[in-house]
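Shown next, in structure tokens, is the structure this report addresses.
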Amino acid sequence: MRERYRIADLTLDVEAVSLTRRNGEAVALPQLSFDLLVALARRAPAVVSGEELIGAVWNGAAVSDETLTQRVALLRKALGDEAQRPRYLRAVRGRGYQLVPHVARLPGEEELPRWPRAIAVAAAAVALVGLGVGLYYLLLAYGRAQTRSEDASAVATRTASVPELLARAGSYLRQHQESDNETAVELYRRALRLEPENPQALAGLSMALAQRAAKFNRGGEREQAVALARKALARDPRLGLAHHALGMALDTRGHVREAIAAYLRAANLEPDPTFALASAAYLLQVQGHLADALEANVHVAREGGDDGPQYLELQIAQTLALLGFDEAAEVWFERALELRPDNVFASASYAQMRLSRGRIQEADAIAARAIERGTRRPELPTIRGLVALMKGDEQRAKAFFTDALKIDPDSLRPRTRLLLLARRQPGGSADAALEQRYREMVLSIRQGRNEGDEWPDGAIDEMLLEAGFGHEEAALEALDIAINLGYRDDDWLLLDPMLADLRGNPEVTPRIEKIRRLVNAERQRVVGAPWLPPGFLKGNAARM
């Protein structure tokens, strides 16, 4: 039967490889775009997953989710469609893509639905040349159909090829969930057992290991992630995925400037640059370049369509909060939690923003709800511990900080807090073991910085430790380092209960004022900027 579909004003003819409008106008489509439309029409009105579309359009070849996103964008452009107001094709976040209009299968030549076509031809021969000869051809055709069926079964059950493994691993990697990430790790390793030098497999495994460290509290393979990405680049220097993987691996080690450079190279090479550009934007925020970070994220929001980077809304919210545009930040935080409830960082960042504003009950409630949903991030019980401290309940705070360490034993902030709480206990100030642990932690932070760790959080922990053990000059020096590395949350410095004594030092005030001057300079670059959508800073442009 000839395969044709009616999609609103479009007629899709699969055999003729043609797409026409009702007025007879032909719509020119590249072959991959045409195949994508056919795959969606065949499954309409269902939502078709990215994995299924990759399998149908690229025949199992190893392509990234970004490649599919770019192909969707090209199809939309050819149809005259828009991602924000789709008439033909819409993205269903977290699930895939779907044709918007009703899709009707157009009638063609009559089908014989129950027999294979070869048997139907032979049956016609029965009527024409007589029962005996016709029966011979019928049985012959049936035997061939059976043989083909057996061949098809053999193909379906053969060992997975490297391209198939890479395509499937990529689909798991893009889910941003721990169990899926572990499946991706195993699939990439299987691919490398078959082809040890395959650059896509090397880069994919690097990214999965870096994601394991950054998002799922398992950080023992950061060095391996860097080595795998560099090995992939040695084999294919223009592989965007490998540059992206290197950026993420360096990111987990705190090598911020190198990571930004790798992300920007990936953005120049990948079919869809928005994912790598969003990662670079986040690190620009970490460095304190708030206006540049916001501009990059706004660009990504405009260009990325419905299925953009996983943490985009959260990044915009964080930057707006640091700039002091709280009304707009609230909108974007709420949007991040609504659209991506499985985002492992959104609740912690939103709670921290509320905490920095002194809204401790709201912060505690946000963190508690996230923990109840099963989100395992050490920041969440750490925030609850800080709320307990602000209420004067040190025992409850200690329990929360201990919970945070159970989630991630390498997390520095709850270890710092627990040590400072122990120091406050009777006899703690004279405890030689506590003094030794303090010195070891400070030494470890400084060693990490000497080895290239540029994240300001380490210097903030150093400041907390030095202040808690009575070394105010060293604490102020650590604060200077944090500010130079990009630390910009002056509100928190004025609220942290463990900095109460340090805030009595008159040298803290000039440093608070320095942060405010730096933030104000970034804020002035944002207000009235030509790249800013109208109403954005009032929270009126959460969709762009």
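The values are calculated or read from the model by the stated rules, or taken from the named source; none is laboratory data. Quick caveat: nothing in here was measured; it's all calculated off a predicted structure. Here the Cβ positions follow ideal geometry from the backbone for every residue, glycine too, while neighbour counts run over all protein chains shown. Protein only, heavy atoms only, side chains kept; ligands, DNA and RNA dropped before computing areas. Shrake-Rupley method; radii C 1.70, N 1.55, O 1.52, S 1.80 Å.
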- [ ] Kindly indicate whether any position in segment 484-493 is modelled with pLDDT under 95 and open to solvent by 40 Å² or more (accessible area, probe 1.4 Å).
- [x] yes
- [ ] Scan segment 284-302 for residues that are polar (S, T, N, Q) and closer than 14 Å to Phe536 by Cβ and report the count.
- [x] 1
TODO: Considering every residue within segment 524-544, establish whether at least one is charged (D, E, K, R), within 31 Å of the chain's Cα centre (by Cα) and closer than 30 Å to Arg85 by Cα.
DONE: yes
TODO: Output the number of the condition that Leu389 fails; it satisfies all remaining conditions of (1) open to solvent by 60 Å² or more (accessible area, probe 1.4 Å); (2) in contact (Cβ under 8 Å) with a residue 40 or more places away in the chain.
DONE: (1)
Task: Positions within segment 319-369 being of a type in the set (Asp, Glu) and more than 21 Å from Arg413 (Cβ to Cβ), in sequence order - done: Asp326, Glu327, Glu330, Glu334, Glu338, Asp342
- [ ] Could you name every one of the strands (runs of 3 or more DSSP E) located completely within segment 1-81 that has at least 1 residues being free of Cβ contacts under 8 Å to residues at least 12 places away in the same chain and out of contact with any helix residue (DSSP H, G or I) (no Cβ under 9 Å at 6 or more places or on another chain)?
- [x] 10-13, 18-21
Task: Selection within segment 42-64 - at pLDDT below 85 and crowded, with 19+ Cβ neighbours inside 10 Å - done: Ala62, Val63, Ser64
Open item on the list: Among the residues of segment 461-471, are any of a type outside the set (S, T, N, Q), open to solvent by 30 Å² or more (accessible area, probe 1.4 Å) and within 28 Å of the chain's Cα centre (by Cα)?
Closed with: no
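Against the definition (over 30 Å from Asn198 (Cβ atoms), touching a strand residue (DSSP E or B) at 6+ places or on another chain (Cβ under 7 Å) and open to solvent by less than 10 Å² (accessible area, probe 1.4 Å)), how does Leu19 come out, yes or no?
When the stated conditions are applied, Leu19 passes them.
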Open item on the list: Out of the residues in segment 22-34 meeting the condition of being touching a Leu at 6+ places or on another chain (Cβ under 9 Å) and not β-branched (Val, Ile, Thr), tell me which one is most open to solvent (accessible area, probe 1.4 Å).
Closed with: Arg22
Task: Hey, Ala201 part of a helix (DSSP H, G or I) and over 16 Å from His176 (Cα atoms) or not - done: yes
Open item on the list: Can you list residue pairs whose Cβ atoms sit under 7 Å apart, with the first residue in segment 508-537 being among the acidic types (Asp, Glu) and the second being part of a helix (DSSP H, G or I) and surrounded by 17 or more Cβ atoms within 10 Å (Cβ to Cβ)? Count only pairs 6 or more apart in sequence or on different chains.
Closed with: Glu522/Leu290; Glu522/Ala291; Glu522/Leu323
- [ ] Answer with yes or no whether Ala167 is modelled with pLDDT under 90, of a type outside the set (Ser, Thr, Tyr) and open to solvent by less than 20 Å² (accessible area, probe 1.4 Å).
- [x] yes
